[in-house]
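The values are calculated or read from the model by the stated rules, or taken from the named source; none is laboratory data. This structure is a prediction, so every number in the text was calculated from the model and none was measured. Note: ideal-geometry Cβ built from the backbone for every residue, glycine included; neighbour counts use all protein chains shown.
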Amino acid sequence: MSDWKRQHSAAIFIGFLSSIKEMLFTMLAVLIFGQSSQFGGGWFYTIFFALILVFSLANGIIKWATFKYKLQENELQIKHGLIFRKSRYIRKERIQSIDINAKLLQRLFGLVELRIETAGGGAEPEFRLIALRREEANLIKTELLKRQAIDIEGSIDESAEDLKDIPASDEKFTDFTWELSKQRLVIAAITSSGIGIAATFVAAITSQVQQFIPEAMYERVIGWVIHSSVLLIGFWIVFILLIGWIISLISTLLKYGMFKIDKRDDEIHISRGVIEQRQLTLSAKRITAVRLVQNIIRQPFGFVSVYVESAGGGRKDEDLSTILIPICKKGEVNQLLKEVLPDFVVEKAYEPLPAKSVRRYIIRLIIPSVFVATLLVYFFNWGWITIIIPLLAGAYGYWQYSSAGIGIDGNNLLLKSRAISLTEVILPRKRIQAMKSTQSLFQRLDDLCTIHVSIITSIVGKTFSLRHISKDQRDHQFSWYSYEEEKENIKGESKG
Amino acid sequence: MREKPNNPLALKTLKVWRITATMECFFFLLIPIVYVIAGRYVELPQWPIYVLVIVVFIIGYFKITLFPKLQWKKWRYKIYENEVELMYGVFVVRRVIIPMIRVQHVDTRQGPILRHYGLSSVTISTAATIHEIPGLEEVKADELRDHIAELAREADPNE
């Protein structure tokens, strides 16, 4: 139907820039660590970076020149490669979802990226065309999806059964739409838990600043810091945290701005982003677990974010799980889930952990804190103040204990626990791949167990655990999960 | 209260574990040997040789005699119509339920030692986890594999 086409020539630069972006950390590492060593000299770096640039550019050009695609009757054909020529036929029935993203690099050229996800766990379940004009991308998308819709209507393939009440029109109507309001976005940004990460990053950079300021000045500053009071160090910590907070605030605003969920039949379309506009399509049938996370800033205000684990469709850059709702009130979760993922609407009936397990939670945190406190006393003569550390750790352990809970609602298992944020996981029975309990020597003293529940996520499995539940609770979960109706013994002949 | 699984591993598994552990211990024995050889070329004190040998023997006792025995005693499995249950572990007791309909595939594996004793180790993989029953008689292992394969064919993936 059409000829072989190349992508927009801006693909060269997009490819070039994104490979530079990928190597940025390596290059920074070389720059930072290399300077402090005696190895090589100025020449070495010049050549090193020049080679990287030339290589990346050449790579971009070759990729663009050899990459060709053709939209065919039933499939999208792609061929690429200079030395090893590869061709790929993406058949429309195998397409799970097509997303159009406009990342920063693409937006510079007014282009979009087309991301096609195919079924099956091949080597590359997803495919990207990195530089297309928006009209072109839309054309490919509608062409591939249109035929798919028509085809489903007529054929009796496995998915047809669940999709048969789709109207025959090409335009799929939307069942449910939810947008993140501006006010909520601001709340999300203010209470974002990215502070920790951002602050570490800022601290790391500040620690490297010494490379770039003159030595005399550096020494003066260091001398000043060493002689200054605890107050001043405290000020520095607050300052770093503040910068970290601002960074995480801005990044949250940009990441979750214009957040929107569209639910069409079984598909959940998530689009988000101010500068980098991303789309993501998830199939409701492939969601294996829902996580409700409340970080400590949000918890007092009753705000919660909802993540989903999906067998396929998750993103590598989002910790294998995908955010479904960046922020909402706790009471709204069930309303939203009812529209988007009705299977995961649960009555939150948590059973607390047995009283015996409070000891385990407290001891587990006190032991390392005593160790830290001892070190502080030994090396820094901190004295009495170190008593606070184990006490705080113990209190935190008690908090973790009292936050934890386990429960069953119909076909869903609920686990609630706190590392720092309070996390609730909803796991449908039919998504659980295996259930395991472990009991360590210490747990045996109190007749406690840890429960581990495994599910599938996009790349590998994921296991959720809850520590120190009672044996009765364990038995209860096991019998809930067990597929044996009666405990009849078919094959297990008891022979030694 | 849920019934505990009651089938032990094949008794010969214990032998296999002991043989494997013995071989590992011979490997540890290389350390004092290397030390002795090194002592010929470099000036080295004598006493570490004895310490090393004693340490190797102590490790050997635990690894060859005591530990496999405890481990074997603790290992239990049971194959029900619709699920497999395992229970094992000396210090940390693990108990696993694997429903048949979640099983993706079952492999039986045999190293030379296992083969000599007519045993197989059975690996049960789900989409997210892998579990192993380390020693079953070949016949039983094959039977289990076929049984699970059959159930997997019948199973409805959506329960």
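Listed by position, the helices (runs of 4 or more DSSP H) inside segment A:160-274 whose residues that are at pLDDT 70 or above, within 29 Å of residue A:303 (Cβ to Cβ) and among the basic types (Lys, Arg) number at least 2 are A:182-190. Take the conditions (1) within 25 Å of residue A:471 (Cβ to Cβ); (2) at pLDDT below 85; residue B:73 misses just one of them, which is (2). The residues on offer are A:365, A:376, and the sole one that is away from chain B (no Cβ under 14 Å), in contact with a helix residue (DSSP H, G or I) (Cβ under 6 Å, 6 or more places away or on another chain), outside any loop (DSSP other than H, G, I, E, B) and modelled with pLDDT of 85 or more is A:365. For segment A:344-362, filtering for residues that are under 29 Å from the mean Cα position of the chain (by Cα) and either of a type in the set (Lys, Arg) or not in a loop (DSSP other than H, G, I, E, B) (or both) leaves 5. Kindly check whether there is at least one residue in segment A:75-96 that is closer than 30 Å to residue A:457 by Cβ, surrounded by fewer than 19 Cβ atoms within 10 Å (Cβ to Cβ) and touching a residue at least 60 places away in the same chain (Cβ under 8 Å). Yes; the residues of segment A:75-96 include at least one that is closer than 30 Å to residue A:457 by Cβ, surrounded by fewer than 19 Cβ atoms within 10 Å (Cβ to Cβ) and touching a residue at least 60 places away in the same chain (Cβ under 8 Å). For residue A:73, the requirement of being modelled with pLDDT of 75 or more and part of a helix (DSSP H, G or I) is not met. When residue B:124 is tested against (1) surrounded by 17 or more Cβ atoms within 10 Å (Cβ to Cβ); (2) at pLDDT 90 or above, exactly one condition is not met: (2).
So, of the residues in segment B:61-89 that are of a type in the set (A, V, I, L, M) and surrounded by 16 or more Cβ atoms within 10 Å (Cβ to Cβ), which turns out to be nearest to the other protein chains (Cβ to nearest Cβ)? It comes out as B:79.
Out of everything in segment B:7-57 that is among the polar types (S, T, N, Q) and surrounded by fewer than 16 Cβ atoms within 10 Å (Cβ to Cβ), what residue ends up being farthest from residue B:93 (Cα to Cα)? Step by step, filter segment B:7-57, then rank; the result is B:46. Residue count for segment A:440-466 satisfying the condition of being within 12 Å of residue B:93 (Cα to Cα), facing another protein chain (nearest Cβ under 9 Å) and either among the aromatic types (Phe, Trp, Tyr) or crowded, with 23+ Cβ neighbours inside 10 Å (or both): 1.
Within the set B:102, B:109, the sole residue that is of a type in the set (D, E, K, R), at the interface with another protein chain (Cβ under 9 Å from one of its Cβ atoms) and in contact with a Ser or Thr (Cβ under 9 Å, 6 or more places away or on another chain) turns out to be B:102. Condition check: out of contact with any Ser or Thr (no Cβ under 6 Å at 6 or more places or on another chain), within 13 Å of chain B (Cβ to nearest Cβ) and modelled with pLDDT of 90 or more. Does residue A:436 satisfy that? It is true that residue A:436 is out of contact with any Ser or Thr (no Cβ under 6 Å at 6 or more places or on another chain), within 13 Å of chain B (Cβ to nearest Cβ) and modelled with pLDDT of 90 or more. I'd like to know if segment B:8-23 contains one or more residues that are within 14 Å of chain A (Cβ to nearest Cβ), of a type in the set (S, T, N, Q), under 30 Å from residue A:432 (Cβ atoms) and outside any helix (DSSP H, G or I). Scanning segment B:8-23, I find no residue that is within 14 Å of chain A (Cβ to nearest Cβ), of a type in the set (S, T, N, Q), under 30 Å from residue A:432 (Cβ atoms) and outside any helix (DSSP H, G or I), so the answer is no.
Residue A:409 falls short on exactly one of the conditions (1) under 15 Å from residue A:289 (Cα atoms); (2) away from every other protein chain (no Cβ under 13 Å); (3) buried (at least 16 other Cβ atoms within 10 Å of the Cβ), and that condition is (3). Take the conditions (1) assigned to a loop (DSSP other than H, G, I, E, B); (2) modelled with pLDDT of 90 or more; residue A:397 misses just one of them, which is (1).
Every residue in segment B:130-139 that is touching a residue at least 12 places away in the same chain (Cβ under 8 Å) and either surrounded by 17 or more Cβ atoms within 10 Å (Cβ to Cβ) or in a strand (DSSP E or B) (or both), please. Within segment B:130-139, B:131, B:133, B:134, B:135, B:136, B:137 meet the criteria. Scanning segment A:417-433 for residues being buried (at least 20 other Cβ atoms within 10 Å of the Cβ), without any contact (Cβ under 8 Å) to a residue 60 or more places away in the chain and either at the interface with chain B (Cβ under 7 Å from one of its Cβ atoms) or not in a loop (DSSP other than H, G, I, E, B) (or both) gives a total of 2.
Taking the stated definitions as given, is residue B:34 more than 14 Å from chain A (Cβ to nearest Cβ) and either β-branched (Val, Ile, Thr) or under 17 Å from the mean Cα position of the chain (by Cα) (or both)? In short, yes.
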